[in-house]
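I have placed the structure first, in the form of structure tokens, so that the comments after it can refer back to it.
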Amino acid sequence: MLNMAEGIARLGALAEGPVVAALAAAFAKEGFELAVVGGPVRDALLGRDTHDLDFTTNALPDDILRIVTPISTAQWDIGRAFGTIGARVQGEQVEITTYRADSYDGTTRKPTVEFGDTIEGDLARRDFTVNAMALQVPDRRLVDPTGGVEDLVTGRLRTPSDPAVSFGDDPLRMLRAARFSAQLGFDIDPATLQAIADLGETLKIVSPERIQGELVRLLQTDDPVRGIRVLVDTGLIEQFLPEVSALRLEVDEHHHHKDVYEHSLTVLTQAIELEHARNPGQEPDVALRLAALLHDIGKPRTRKFEPGGGVSFHHHDVVGSRMARKRLNALRFDGDTTDAVATLIELHLRFFGYAEGRGRMPPSAATCATPASTWSACTSSPAPTSPRATAARPRAWPPPTTTSRRASSPSASRRSSTASAPSSTATASRRSSASVPAATWVRPTSSCWICAWTRA
């Protein structure tokens, strides 16, 4: 619940910050308005950490550059055509933009840039009401023409104007709605949600790079599952990642979840929980989260109905890896991320753990077969088994010490997996040399080490 008294105090602290105070004094001296706008104001009211400082002003780009030059160590005008000047003030990067009153033709994302006259008009063209608030400085006046404070109090996400018009201006805002829902824990207004479902196909005019950027920001939140559900329920995800929604058609053969879609969301959630527990304070591992979400996307293409009513998904690891690589390339992901995700998915049926027994695991045993360093923690995480089984025996299986980075065929993948399993002689020798008492190699009940590691 938003505490307005505390929120107003935090806005005061924001206005008193050295960077904001220096810029406010400089613009006031020249007779121009200046306001902190968007995310910093929203986050200050909510008590969240404020990172990037964005400002808006009635000064034109040439005037902005002239004013900030004496008080900044660097300036850049790459966004001058759109009214934006960047600068580094007291070691902090800021962006200052002239009031805008843009118009769009509805067929491209390129606006007809027009500078506005009032801050209220500038705020009305922004994506969501909670981002359409400004703190004028040095006067410390909160400007909220669209009811953003009320929406913060109720935890609601809606557009300042008709959502069809807002999303028509920039279809990427639909993807941003899912991201902000996950980031802030807000519910999307029903009319806004319906507009996303109705206008999903307009996302086609947005470049893959911009879509990828928003997808990454969504995955970097603490609860991306909330946003992914919005994308799937509205059908928007069909425009850029249809493999995820296709998982709803497949039954979870382990009978842990309603379908493979729910299973994959559970894997993602629990992978993030382990990521936070084992790497506190570290940047989110996007490759890890993508692999957790996409690790079973090969199942729809490999489903086979077996005699007796069973269902199999043979080689869905290899097929899913190829599908993921193709999709991430289409979304313009960098090569390192694409390689890491594809390899993790291809190897996700490998056994992964080591049982410590009564002693500590030696450093030489803590080696993971995956290319992502974050997932090396999997070797010290026991596989999930039934309570009856875990009480009776150790619960892990060693990862292969050497693996092929990419199997050339399903049969090659099987040969590589088989060859990687240690013999009983090698196992005994390895236990002896490591001096780990009472540790034995035991195959986990789950065949997927990603699912086992995350207990999904």
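Bear in mind that the values in this text are calculations on the coordinates, not laboratory data. Quantities reported herein were computed from a predicted structural model and do not represent experimental measurements. As a convention, Cβ positions derive from the backbone with ideal geometry for all residues, glycine included, and neighbour counts pool all protein chains shown.
Using 0.36 nm per residue and subtracting the Cα-Cα separation, the extra length available between LYS304 and ARG48 on full extension is 87.3 nm. Set against the 2.2 N^0.38 Å expectation for a compact globular protein, the stretch 156-240 has a Cα radius of gyration ratio of 0.96. Phi-derived couplings, Karplus 6.51 cos²θ - 1.76 cosθ + 1.60 at θ = phi - 60°, listed residue by residue for the stretch 232-237: 6, 5, 8, x, 5, 5 Hz, with x used for Gly and Pro.
Amide H to amide H distances under 5 Å link PHE115 with ALA101, where only residues 5 or more positions off or on other chains count and H is placed in the peptide plane.
In order along the stretch 284-296, the phi-based Karplus estimate (6.51 cos²θ - 1.76 cosθ + 1.60, θ = phi - 60°) of 3J(HN,Hα) comes to x, 8, 5, 4, 4, 5, 5, 5, 4, 5, 9, 5, 10 Hz; Gly and Pro are listed as x.
With bins 10 Å wide beginning at 0, the percent of Cα pairs of the stretch 4-154 falling in each bin runs 11, 42, 35, 11, 1.
Placing R0 at 45 angstrom, the Cβ-Cβ distance between SER312 and ASP187 gives a FRET efficiency of 0.70 after rounding to 0.05. For the stretch 19-34, backbone phi angles converted through the Karplus equation (6.51, -1.76, 1.60; θ = phi - 60°) give residue-by-residue couplings of 5, 5, 5, 5, 5, 4, 5, 5, 6, 5, 4, 8, x, 10, 7, 8 Hz, Gly and Pro being listed as x. Projected label points at ARG332 and ILE205, each 7 Å from Cα along the beta carbon direction, are separated by 1.8 nanometres.
Amide H contacts for ASN279 (H built 1.01 Å from N in the peptide plane; partners 5 or more residues away or on another chain; cut-off under 5 Å): none found. The residues LYS326, LYS304, when put in order of fewest to most other Cβ atoms within 10 Å, stand as LYS304, LYS326.
With one equal scatterer per alpha carbon and no solvent term, the Debye-computed log10 I(q)/I(0) for the stretch 258-355 at 0.15, 0.20, 0.25 1/Å reads -0.66, -1.06, -1.34. Model label sites at ALA5 and SER161, defined 7 Å from Cα along the beta-carbon direction, differ in position by 3.9 nm. Backbone amide hydrogens, once placed in the peptide plane, bring LEU157 within less than 5 Å of ASP187, ILE188, ASP189, excluding anything fewer than 5 places away on its chain.
What you get for the stretch 4-154, charging only the Cβ of Lys and Arg (+1) and of Asp and Glu (-1), is a dipole of about 220 debye around the Cα centre.
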